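Visitor: Here it is: the structure, laid out below.
All of the numbers you see were taken from the coordinates with simple rules; none came from a lab. For clarity, every value in this text was computed on a predicted model and none was experimentally measured. For neighbour counting, all protein chains shown are included, and Cβ atoms are generated from backbone atoms with ideal geometry for every residue, glycine included.
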Amino acid sequence: MSEISRAWLLEASGGMKFAVAEYEMIEYVIAPELTSVPLTPEYCSSIILWNDHMVPVVNFGILTSEESSHMHSVSVLAYQENPQDDLKYIAISLQQPPAKVSISDDQACDIQQIDNDIWRMLSISCFTEQGIAVPILGIKNLASSEFSHELNEFFNQAGQSTDTLAE
Amino acid sequence: MISDNTKQSAAILSIGGLKLIFPQSDIISVDVVADAISTENSNPLIAAVLNKPEGELPVYAFSGELQLQSSLTDESRFCVCIKRHDVYYSLACDGVEVIQLDSNIMQELMPFIMKTDNSPVLKLMLYKQDVVLVVDALSVNKYLQSVENNDV
């Protein structure tokens, strides 16, 4: 009998569906109050004040060059750099409310089936949902210096547009 | 969260809704903006100069988005003179508040995903429910240099 895991299925601004483990999503915030931070990348240019934490908000709508980048709501996600460390937080803008799902091992699929470079970089695994490969987000990957470095490299290349990243 | 039990002084500069905090040790004087001489049209990156015993000190004016302005704004009240080692310049601001930093004031390193190469912001600080950008004399100087070199 295959193992079942509980998860949240989320739809990021820009339309990409992804999942996080049930315990990793701490709060769903509707119409968050954003504070802009100057000289930051457009895809992460603001923070929310949440439970006395300053939480960066990632807008995948801008990152993947989709038209729909309006921030209706965000999910606050928790992660640890190392098991003994304090929790850290990062938020992702969403265009649909989260849905709780059960994922069985039978649904597991190859990360290469994810049809987006950025999400492939960020995923720790994936599963199929209605025939589509849904990435399971490695939140630590999203917050890592390596990922930021790779994004900066992409954007610093002459003539590089965000369209290329989305394909 | 970064905790430091040693109380240190720091100065918060208010600039068009933006708040920058410098270590107090980086600030050597605060002049009223009336002492500054406008340099409008001579160098678009320098808003004014202050006459100091050492010579003319450039006064930079930031917008609320940390973009350099070519002139002082109507809200500018002070020119804060900033010095560390050979780095010496002045920033125009609307207000200055000196505070004592302690472990109750939350500071967090700038998240990797928010970093850009030229940003002078080292940390984010939460003070009286305002987000304050933690900088120092050298990080702002590096940013000023990158703007002057057209790297931004």
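Visitor: Hey, fewest Cβ within 10 Å first, where do A:64, B:116 land in order?
Guide: B:116, A:64
Visitor: Under the Karplus relation 6.51 cos²θ - 1.76 cosθ + 1.60, θ = phi - 60°, what is the ordered set of whole-Hz ³J(HN,Hα) values for the range A:23-34, x standing for Gly and Pro?
Guide: 6, 7, 8, 8, 7, 10, 10, 8, 6, x, 8, 9
Visitor: Also: Around residue A:138, which amide H atoms from residues at least 5 apart in sequence, or from another chain, sit under 5 Å from its own amide H, with H modelled in the peptide plane?
Guide: A:123, A:124
Visitor: Using the Cα centre of chain B as the reference point, and only Cβ charges (+1 on K/R, -1 on D/E), how large is the resulting charge dipole? Debye, rounded to the nearest 20.
Guide: My answer is approximately 340 debye.
Visitor: What is the extension gain from residue A:109 to residue A:96, computed as 0.36 nm multiplied by their sequence separation minus the C-alpha to C-alpha distance, in nm to one decimal?
Guide: 2.3 nm
Visitor: Express in nm, to one decimal, how much length is gained between residue A:87 and residue A:33 on full extension, taking 0.36 nm for each residue of separation and deducting their alpha carbon distance.
Guide: 17.2 nm
Visitor: While we're on this one: Name the residue farthest towards the positive end of the dipole of chain A from the options A:5, A:51, A:82, assuming +1 on Cβ of Lys and Arg, -1 on Cβ of Asp and Glu, about the Cα centre.
Guide: A:51
Visitor: Per residue of the range B:57-63, in order, report the coupling 6.51 cos²θ - 1.76 cosθ + 1.60 (Karplus, θ = phi - 60°) as ³J(HN,Hα) in whole Hz, putting x for Gly and Pro.
Guide: 10, x, 10, 9, 10, 9, 7
Visitor: Only Lys, Arg, Asp and Glu count, each charged at its Cβ (+1, +1, -1, -1), so figure out the dipole size of the range A:4-157 about its Cα centre, rounded to 20 debye.
Guide: In debye, rounded to 20, the range A:4-157 gives about 220.
Visitor: Apply the Karplus parameterisation 6.51 cos²θ - 1.76 cosθ + 1.60, with θ equal to phi minus 60°, to every residue of the range B:66-72 and state each ³J(HN,Hα) to the nearest whole Hz, in sequence, with x for glycine and proline.
Guide: 6, 9, 5, 10, 7, 8, 5
Visitor: From zero up to wherever the largest Cα-Cα distance of chain B sits, split into 10 Å bins and tell me the percent of pairs in each.
Guide: Bin by bin from 0 Å, the calculated values are 11, 42, 35, 11, 1.
Visitor: Moving to a separate point now. Would you kindly calculate the translational diffusion coefficient of the range A:4-157, applying Stokes-Einstein with the Kirkwood radius from alpha carbon pairs, for 10 °C and a viscosity of 1.306 mPa s, and quote it in µm² s⁻¹ without decimals?
Guide: 100 µm²/s
Visitor: Another one. Note down the nm distance, to one decimal, between modelled labels 7 Å out along Cα→Cβ at residue A:72 and at residue B:84.
Guide: So the two model labels end up 4.5 nm from each other.
Visitor: Still on this structure: Would you compute, from DSSP H runs of 4+ residues alone, the mean residue ellipticity of the protein assembly as shown at 222 nm, taking -39500 (n - 2.57) per run and dividing by the full residue count, rounded to the nearest 500?
Guide: Rounded to the nearest 500, it is -3500 deg cm²/dmol.
Visitor: Once all Cα-Cα distances of the protein assembly as shown are split into 10 Å bins that start at 0, what whole-number percent is in each one?
Guide: Going from the shortest bin to the longest, the percentages are 5, 24, 28, 21, 13, 6, 2, 0, 0.
Visitor: Note the angle between two axes, namely the Cα long axis of helix B:137-148 and the longest principal axis of the Cα atoms of chain B, as a number of degrees from 0 to 90, rounded to the nearest 10.
Guide: The answer is roughly 50 degrees.
Visitor: In what order do A:6, B:77 fall by count of nearby beta-carbon atoms within 10 Å, going from fewest to most?
Guide: So the ranking, lowest neighbour count to highest, is A:6, B:77.
Visitor: Less than 20 Å apart at the alpha-carbon level, and either on another chain or at least 8 residues along: which lysines does that give for residue B:128?
Guide: The reachable lysines, counting only those whose Cα sits under 20 Å from residue B:128, are B:7, B:19.
Visitor: Quick one: if you take sqrt(5λ) for each eigenvalue of the C-alpha gyration tensor of the range B:23-100, what semi-axes come out, biggest first, whole angstrom?
Guide: 19, 15, 12
Visitor: With unit charges on the beta carbons (Lys and Arg positive, Asp and Glu negative) and the dipole taken about the Cα centre of the range B:28-133, which residue among B:42, B:73, B:125 sits farthest to the positive side?
Guide: B:125
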